[in-house]
Amino acid sequence: MTRYDCIIIGGGTTGAYLARGLAKRGHRVLVLEQQPNDRVGTKYDIFHIEAREFTRLDIPRPQPGEAAWAFEFEKNRNADPLNKYPKCQINPIVGLHMHEYTLLLLSLAQKAGAVLRFGCTFKAFLFDDNGKICGVRADENGNDIKFHAKMVADCSGMAAIGRRSLPASYGVSIKALTDEEMFYVILRYVHLNHPEDYLDGSTFWAYYKAWIAPCADPAGAIIGIGACHSFDYAEQVYAELERTVPLPAHTLERIERGRTPYTRNCDSMVADNFFVSGDAGNLTKSVNGEGVTSSMVQVQLALDTLSRALQTGNTSRRALWPINRAYNATQGAEFAFLRALLVGIVNAATFDDFQYAFESGLISDDLLNALSGAPVPAKTLLTSVRAFCTGIAGTKIHPATVKAAITAVKNAVAISNHYKHFPATEDGFSAWKAKADALYERIGTIR
Ligand SMILES: Cc1cc2nc3c(=O)[nH]c(=O)nc-3n(C[C@H](O)[C@H](O)[C@H](O)COP(=O)(O)OP(=O)(O)OC[C@H]3O[C@@H](n4cnc5c(N)ncnc54)[C@H](O)[C@@H]3O)c2cc1C
């Protein structure tokens, strides 16, 4: 009987990336994927990766003509609710086919030495005499199989089946997400009726949390919307978008629906012989709920600690704890900051506030480019400040929105500082969590 170093539940992008990383470091890795190999990564078709991420994360960048490649663009527009004053951010984006890209990442994991078992579904953990995880029970074609390992990683996506199967006392949250803690995403794949409407980039309407972006067919587009609560609610907001924004004339071809976590990442992502990543650990970006690369960032931060723990044979919660610290103090703090800011401002800002922000120059191309690292010219900052002050003086921005924005900034700074001081050891975690809970109570959730 092979005893693996690490069993990974789920062969999506996160599981594949983790498998490759561990196998490259010489560990014996087994990936259990419930789908057959021709169904893996088929939950939806197109997803986006910022071009700069390929190098940072050391993942392959598919080229035109290759199976996973769909399209590329670099103009990312943000627009007001009436779509009259779009602002443009230049940030190269690559559109990829999820199924093909997942298979590509899995093939790299396999080349590095990981064993893949498709059509193999995790059912339960195996525990040793001390109550510690020592493997899993799985179902493969109706056969109940036991696999043994030093540790198990949950990369099962929204199902979070490993994390949610842990004993309550294990030290990782076993809660399922509520409707308020996820985005319901609806993608409409459409054919654009007039060639003059063909897209050279994307447009995002923050007021509706909706966008239009290219798809693999140059004569097509994807019109997307994301909202908490339910698909019905997302459809209601979409209907409002259709009434207000003059969308290009189009013919609907198909609709895809999916859900993505939109909440704080698991406070602790490790336990004795256990690690959680990807959607299973709520590692999606707080600006848009995208989670492919943000999960890989956490895996990158975790790999050295995981590898050392496997080498020394000590995969206890204490030994894996540095992963929590490394993540929460960096990307965790950044996402917490942005979430608090967005929740506060987006929940409070009215249609008119959004309209004014775009019309007045408070939001500008340069300001948006700063989001991808470009320096903000002093003139731009001055224009924004002037527009903000004029807005307040002329009551173009509602006083309640200004008050909410100030509170949002204060909350964002407080929560981000709190994450930056995530405890370096398990001691102090209870106190840290209690304070984080209190801060999140103040921050609230997005409408
Ligand atoms: C409509 C939509 C559009 C999106 N667009 C983007 C985008 O453009 N860019 C971006 O970065 N993110 C995007 N996201 C988010 C992104 O899809 C996820 O964050 C990402 O796919 C998570 O990867 P994962 O590997 O953690 O989970 P998944 O991709 O869900 O993989 C989990 C795997 O685990 C398997 N599994 C589940 N249970 C078991 C079990 N019991 N036993 C064995 N295997 C199991 C599943 O079959 C699956 O293959 C989008 C999400 C949605 C819904």
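The values are calculated or read from the model by the stated rules, or taken from the named source; none is laboratory data. If you're wondering where the values come from, they're calculated on a predicted model, not measured in any experiment. Don't worry about glycine lacking a Cβ; one is built from the backbone with ideal geometry, like all the others, and counts go over all protein chains shown. For accessibility, only protein heavy atoms count, side chains too; no ligands or nucleic acids. Shrake-Rupley method; radii C 1.70, N 1.55, O 1.52, S 1.80 Å.
Diagonalising the gyration tensor over the Cα atoms of the range 180-261 and scaling each eigenvalue by 5 before taking the square root yields semi-axes of 22, 13, 11 Å, largest first. In the neighborhood of E256, defined by Cβ-to-Cβ distances under 12 Å, what is the net charge if each Lys or Arg adds +1 and each Asp or Glu adds -1? Combined, the nearby Lys, Arg, Asp and Glu give +3. Here the range 234-276 is scanned for amide nitrogen atoms under 18 Å from the site 7 Å beyond the Cα of A219 along Cα-to-Cβ, giving 248-254.
Shape analysis of the chain based on the Cα gyration tensor places the equivalent ellipsoid semi-axes at 39, 27, 19 Å, largest first. Computed over the range 180-261, relative contact order equals 47 percent, with contacts defined as Cα pairs under 8 Å that lie 6+ residues apart. Inter-label distance, N37 to K146: 2.9 nm, where each label sits 7 Å from its Cα along the C-beta direction. Once the C-beta distance of D58 and K403 is scaled by a Förster radius of 45 Å, the resulting FRET efficiency is 0.50 to the nearest 0.05. Extending 7 Å from Cα along the Cβ direction at R308 and again at E256 yields two label points whose distance is 3.9 nm. Rolling a 1.4 angstrom probe over the chain with all protein chains present gives an accessible area of which 53% lies on carbon and sulfur atoms. FRET efficiency for the A124 to L82 pair, using the beta carbon distance and R₀ = 60 Å, is estimated at 0.65.
What is the sum of charges around A412, taking Lys and Arg as +1, Asp and Glu as -1, for the other residues whose C-beta is under 12 Å from the C-beta of A412? Provide the component values of the computation, followed by the final result.
Numbers: positive: R339, K410, R442; negative: E334.
Summing Lys and Arg as +1 and Asp and Glu as -1 gives +2.
With the convex hull drawn over the C-alpha atoms of the range 337-442, the volume per residue is 108 Å³. When peptides 163-169, 86-92, 4-10, 74-80 are ranked by their average number of other Cβ atoms within 10 Å per residue, the highest-first order is 4-10, 74-80, 86-92, 163-169. Summing Lys and Arg as +1 and Asp and Glu as -1 over all other residues whose Cβ lies under 11 Å from the Cβ of L96 gives a net charge of -3. Accessible surface area normalised per residue over the chain is 43 Å², counting heavy atoms of protein chains with a 1.4 Å rolling probe. When both the range 1-21 and the range 404-447 are represented by their alpha-carbon centers, they are found 32 Å apart. Using a cutoff of 8 angstrom between alpha carbon atoms and counting only pairs six or more residues apart, the relative contact order for the chain works out to 16 percent. Between A67 and A159, the simple label model (points 7 Å from Cα in the Cβ direction) yields a spacing of 2.2 nm. Relative protection proxy for 64-73, 213-222, from highest mean packing down: 213-222, 64-73 (other beta-carbon atoms within 10 angstrom).
Kirkwood Rh, Cα Rg: Rg to Rh for the range 66-147? Walk me through the intermediate numbers first.
On the way: Rg = 22.3 Å, Rh = 17.4 Å.
Computed over Cα atoms, the ratio is 1.28.
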